[in-house]
1. Scan (1) under 18 Å from the mean Cα position of the chain (by Cα); (2) surrounded by 15 or more Cβ atoms within 10 Å (Cβ to Cβ); (3) not in a helix (DSSP H, G or I) for the single condition Leu78 breaks and write down its number.
2. Every residue in the range 110-119 that is among the small types (Gly, Ala, Ser) and either surrounded by fewer than 16 Cβ atoms within 10 Å (Cβ to Cβ) or outside any strand (DSSP E or B) (or both), please.
3. If you take the residues of the range 81-90 that are closer than 13 Å to Ser130 by Cα and hydrophobic (A, V, I, L, M, F, W, C), which of them is nearest to the chain's Cα centre (by Cα)?
4. Considering the range 50-103 alone, what residues qualify as being of a type in the set (A, V, I, L, M, F, W, C), free of Cβ contacts under 8 Å to residues at least 60 places away in the same chain and under 24 Å from Thr126 (Cβ atoms)?
5. Looking for something surrounded by 10 or more Cβ atoms within 10 Å (Cβ to Cβ), out of contact with any Pro (no Cβ under 8 Å at 6 or more places or on another chain) and at pLDDT below 95 - is there at least one such residue anywhere in the range 83-94?
6. Does the range 30-41 contain any residue that is outside any loop (DSSP other than H, G, I, E, B) and surrounded by 18 or more Cβ atoms within 10 Å (Cβ to Cβ)?
7. Could you tell me whether the range 124-142 includes any residue that is touching a Pro at 6+ places or on another chain (Cβ under 6 Å), within 18 Å of Thr15 (Cα to Cα) and surrounded by 15 or more Cβ atoms within 10 Å (Cβ to Cβ)?
8. Which count do you get for residues in the range 95-109 that are part of a strand (DSSP E or B) and either surrounded by fewer than 21 Cβ atoms within 10 Å (Cβ to Cβ) or touching a helix residue (DSSP H, G or I) at 6+ places or on another chain (Cβ under 9 Å) (or both)?
Amino acid sequence: MAVLGNERRCYITTTKTGGTYTWLKGEQNNSFNRSAEAIEVSDKSTDWTQFIAGKKNATASVTVFVDDTASAPQHQMLSALHKGTTVYCFIGKLGGTGSQTPSEGDLFEAIVTECSDTNDFGAVATRSISLQVTGEPTHYPTIGEE
């Protein structure tokens, strides 16, 4: 089933396991990117290279309209960048109206690696925030052993 992009939102959470989810108001877009290293294990018995999966990595990003009020979630991200502290985030869908339970998406701890403000003449100022996930994210629904 197709999911509209505006249904998958970026939230700041209070703990690594969730807690309270606060949406980054004015969000324009977000992304969550997963990757794994490819380790070559080929030998001379084959003409084709062979690989196994190595260490995994994830990054995320979100673009919002700038809100510099001290209580704004994006202000927490800017503060984390300056202090070098981690943030807890969720990108995805919560269970329903008023729900604080993830139904689909990724919950993760991250360091903020970049905050870029864009101030185009005649346009609303935007802020792009880049995140480097630290540790394993939790995916919803849970990924099972195959």
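1. (3)
2. Ser116
3. Among those that are closer than 13 Å to Ser130 by Cα and hydrophobic (A, V, I, L, M, F, W, C), it is Cys89.
4. Of everything in the range 50-103, those that are of a type in the set (A, V, I, L, M, F, W, C), free of Cβ contacts under 8 Å to residues at least 60 places away in the same chain and under 24 Å from Thr126 (Cβ atoms) turn out to be Ala70, Ala72, Leu78, Ala80, Leu81.
5. No - not one qualifying residue is present in the range 83-94.
6. Let us first name the residues in the range 30-41 that are outside any loop (DSSP other than H, G, I, E, B), namely 30-40.
Add one more test, that the residue is surrounded by 18 or more Cβ atoms within 10 Å (Cβ to Cβ), and what stays is 30, 32.
Yes, the range 30-41 contains at least one residue that is outside any loop (DSSP other than H, G, I, E, B) and surrounded by 18 or more Cβ atoms within 10 Å (Cβ to Cβ).
7. yes
8. Step one: list which residues in the range 95-109 are part of a strand (DSSP E or B), which gives 102-109.
Next, from what is left, pick out any that are either surrounded by fewer than 21 Cβ atoms within 10 Å (Cβ to Cβ) or touching a helix residue (DSSP H, G or I) at 6+ places or on another chain (Cβ under 9 Å) (or both): 103-104, 106, 109.
Final tally of qualifying residues: 4.
The values are calculated or read from the model by the stated rules, or taken from the named source; none is laboratory data. Computed from a prediction, not measured in an experiment: that's the story for all the values here. Positions of Cβ are generated from backbone atoms using ideal geometry, with glycine treated the same way; all protein chains shown enter the neighbour counts.
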